[in-house]
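This report refers to the structure that appears directly beneath it.
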Amino acid sequence: MAGPAYIADPESAVRAVAVDGLTLLFHAPSGMTHIVAAPAPEILGALREGAADAAELIRRLRARFDLDDSDPGSASGAGAEAAILARLDELEAAGLVRRA
Amino acid sequence: MRHRLALQIGPVAFRIGSAWRAPLDALAKLYAGYPAPADGLCDFTVRLEPERPWRLFLRPSVAIRGDYVLPDAAPLALAHGLLAAEMGMNLQMALGQKRHLLLHAATVEKDGRALIMTGESGAGKSTLAALLGERGWRLMGDEFALLDMASGDLLPFPRAISLKNGAIGVMEAEVGGDRFGPRLDGTPKGAIRHMRPNQEALARMSEAAKPALILFPRFGAAAAVRGVGQAEVFIRLTQASTNYVALGRRGFDALTGLVRGTPALAIDYPDAETAIGLVEDFRRELAA
Amino acid sequence: MTAARLLVRALRDPASIGSCDWAGLVSAARAEQLLASLAFRMEGMAVPPRIAALFEDARRDAAQVRTQALWEAEMARRALAPLGVPMILMKGTAFHAAGLDAAIGRSVGDLDIMVPRASLPAVEQALLEAGWEHVKDSEGYDDSYYRRWMHELPPLIHRTRDRMIDVHHTILPLTARPRPDAEALIADSMTLDNGLSILSPADMIVHAAAHLFADGDLAGGLRNLWDIDRLLREFASDAFWPLLAERARLHQLHGPVSRALRLANRLYFTPVDRAVAGRARLADRLFEARLLARNGWGQERRKALRFTFYVRSHWLRMPPLMLARHLWVKATR
């Protein structure tokens, strides 16, 4: 594995409620509520399959979903990957994801 | 404490102790007709004390204390003692209430359907609630809405309504003078005058109601109505709650239940009569 | 019976409370941060319905307090893990982490951790990177005071969770006369199944006694003493008392520990070893009076007595010239 591996808490630890395009999350271990947008819930779901580094995570997401790589602001067209990595950092800061 | 008063307001009982008599005399007069707690006990204690011992008589300075305190809160002048008592009760609720989800909102009820009005200070919620309370609606509260997390019902908490600046004149024109406290000028929020809710509100202060509509009123623009998405409602309600964070899973379930089960609208209104008209339109639609 | 005495009696012997000044009991308990502890002690006892409902609220709230305290500990653990330094939980969070009796109903404010002194700069840096920030304080005076003389970094607060962390490297200020052995505290620390670390039981009691006497003016003393009662009852054994005495001497805190034992025995009827507790001293009565200076409206009474203890607590922390300067700066702020 290239970079650090990440883990998410099991499904039983989180109560998710979908409301108009966003997900309200209650995270039992912290007692905190988070409001997240795609691809955050998808990232959490993918990490529940087991620990993964960023590259593996992106592979899992590609397998499950169509990722939109087009990003007008990016020369390399890796818009989706950049978004996933940014969300992963945010999820780690929020405590929803941790290093394995 | 030399002077004391006990009040039952909806499901919450307060005892208020004071080093001076005047604030409690004013409080007792404003809350005439409210029951004393039946069991002689209370849920929260408020204390009005001199900031320093010598401030009891010398330029009297009222520190707001009690079971729950804000460490750096500025004291008030004795002339504003009634306001100090009201702020003291607010503080106990904001910091100590853990049984029900608290929303900073005004609530009125008609035909068993409750309307929750929430938004920034100065949006006119208290004034609208006070007016609706005189126009066939029952006032359930102007400052705090209490959500029973088990049933999803709203519980009444009809404190004296806190009217500010222009709103004072509006309500003085609607309601007899015996229901008002003294006019307090020079407070941090300008002029304040407290108004007791009417007989119906007091008589029915134990009666819960189902939430039927969440309203985000905004004063000062031409009349407009728009729907509000559930995510936005949820976010705004957590911002309007002082105890959401402390309530954990129960609070999450109750608030998501409220948001998913209750329609929400944002309205702009140029004057109170327009807002009242809009509210009556909504009520008729909901009843149909 | 004063409200504070009623509170103490209700904690140590809840079944003995029949009709009483319930409003006074609740206000005193709230003022002393003991409402939830009291609510657990009185669970199942016959109390008026309104009080029963308040106790139920307090027990429920205690679960969320515990969750949040342990979460702060976990987030600190995640932030500091890459450094590989010991991170030892202290006070209420430690009790919750280990599931001790002292955790039941225990309120928690800030997260208190102890790390080796040499690691403080790296620890501070790691916490700042993980989202904690310095508390916006007034002039630089308090900041330098904290760093040089107190036993901790200036307090940090987490920017999104809004919770404070206090990072210590020993259990008393450097200016205090007793000099606890910080390395020994770390060497004897214990690691729990959840990966978090706490002090050894004897050291926890020594720390609680230090916190009660040498690092405070006894405000909140009834709760600290209740911690000590709960810890002693849980860990007491024939082998434990000499170990406690030995650790107390090692950390130069034998006086405070003995006094803590005597006061816990006086107020909470804690069984204590007579040899370790020592003879009753005249000053014990003053300490007891200071601890019980709370009335049924939640007010602190006995101002002169409290002022004596306030000055005393600063005296213990700072040499006289520093104390004078510190109090002067604070007064003219």
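The values are calculated or read from the model by the stated rules, or taken from the named source; none is laboratory data. Given the structure is predicted, the values throughout are model-derived calculations rather than measurements. Neighbour counts run over all protein chains shown; Cβ positions are idealised from the backbone, glycine included.
Some observations on this one:
- For segment B:6-41, residues that are part of a loop (DSSP other than H, G, I, E, B), within 14 Å of chain C (Cβ to nearest Cβ) and closer than 17 Å to B:Phe144 by Cβ total 2.
Conditions tested, residue by residue: (1) among the basic types (Lys, Arg); (2) loosely packed, with under 13 Cβ neighbours inside 10 Å; (3) in contact with a Leu (Cβ under 9 Å, 6 or more places away or on another chain).
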| site | (1), (2), (3) |
| --- | --- |
| A:Leu22 | no, no, no |
| A:Phe26 | no, no, no |
| A:Ala37 | no, yes, yes |
| A:Ala54 | no, no, yes |
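- Flag for B:Phe282 being more than 14 Å from chain A (Cβ to nearest Cβ), over 27 Å from B:Gly10 (Cα atoms) and either of a type in the set (Phe, Trp, Tyr) or surrounded by 18 or more Cβ atoms within 10 Å (Cβ to Cβ) (or both): no
- Selection of segment A:2-22 for residues being within 9 Å of chain B (Cβ to nearest Cβ) and in contact with a helix residue (DSSP H, G or I) (Cβ under 6 Å, 6 or more places away or on another chain) yields A:Val17, A:Val19, A:Asp20, A:Leu22.
- Residue check for B:Gly141: touching a residue at least 24 places away in the same chain (Cβ under 8 Å) and in contact with a strand residue (DSSP E or B) (Cβ under 7 Å, 6 or more places away or on another chain): yes
- When residues of segment B:86-126 are limited to those that are assigned to a loop (DSSP other than H, G, I, E, B) and away from every other protein chain (no Cβ under 13 Å), the one surrounded by the most Cβ atoms within 10 Å (Cβ to Cβ): B:Gly124
- Matching residues, segment C:213-235, being at pLDDT 95 or above and among the hydrophobic types (A, V, I, L, M, F, W, C): C:Leu222, C:Leu225, C:Trp226, C:Ile228, C:Leu231, C:Leu232, C:Phe235
- Within segment C:18-39, the presence of at least one residue that is in a helix (DSSP H, G or I), small (Gly, Ala, Ser), out of contact with any strand residue (DSSP E or B) (no Cβ under 9 Å at 6 or more places or on another chain) and surrounded by fewer than 23 Cβ atoms within 10 Å (Cβ to Cβ) is confirmed.
- Cβ pairs under 6 Å, 6+ apart, first in segment B:1-13 and touching a residue at least 40 places away in the same chain (Cβ under 8 Å), second crowded, with 18+ Cβ neighbours inside 10 Å and in a strand (DSSP E or B): B:Met1/B:Gly17; B:Gly10/B:Leu155; B:Pro11/B:Leu155
- Conditions (1) surrounded by 14 or more Cβ atoms within 10 Å (Cβ to Cβ); (2) within 18 Å of the chain's Cα centre (by Cα); number of the one not met by B:Ser206: (1)
- Looking only at segment C:66-86, and only at residues there that are closer than 24 Å to C:Arg230 by Cα and more than 15 Å from the chain's Cα centre (by Cα), the one that is farthest from the other protein chains (Cβ to nearest Cβ): C:Ala73
- If the condition is being of a type outside the set (Lys, Arg), more than 12 Å from the chain's Cα centre (by Cα) and within 14 Å of B:Glu280 (Cα to Cα), then segment B:106-155 contributes B:Glu109, B:Asp111, B:Ala114, B:Leu115, B:Leu128, B:Leu131, B:Leu132, B:Gly133, B:Glu134, B:Gly136, B:Trp137.
Conditions (1) assigned to a helix (DSSP H, G or I); (2) modelled with pLDDT of 95 or more, marked per residue:
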residue: B:Pro182; (1), (2): no, yes
residue: B:Ala201; (1), (2): yes, yes
residue: B:Ala212; (1), (2): no, yes
residue: B:Leu237; (1), (2): yes, yes
residue: B:Thr242; (1), (2): no, no
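- Exactly one residue out of C:Ala52, C:Ala98, C:Ala63 is of a type outside the set (S, T, N, Q) and within 14 Å of chain A (Cβ to nearest Cβ), and it is C:Ala63.
- Test result for B:Leu70, more than 13 Å from every other protein chain (Cβ to nearest Cβ) and surrounded by 22 or more Cβ atoms within 10 Å (Cβ to Cβ): no
- Number of residues in segment C:168-187 that are loosely packed, with under 14 Cβ neighbours inside 10 Å and of a type outside the set (A, V, I, L, M): the value is 3.
- Subset of segment B:104-163 [out of contact with any Pro (no Cβ under 9 Å at 6 or more places or on another chain), closer than 28 Å to B:Arg250 by Cβ and of a type in the set (Phe, Trp, Tyr)]: B:Phe144
- Where a residue in segment C:231-246 is closer than 16 Å to C:Thr270 by Cβ and surrounded by fewer than 18 Cβ atoms within 10 Å (Cβ to Cβ) and its partner, wherever it lies, is of a type in the set (Ser, Thr, Tyr) and at pLDDT below 95, with Cβ under 6 Å and at least six apart: none
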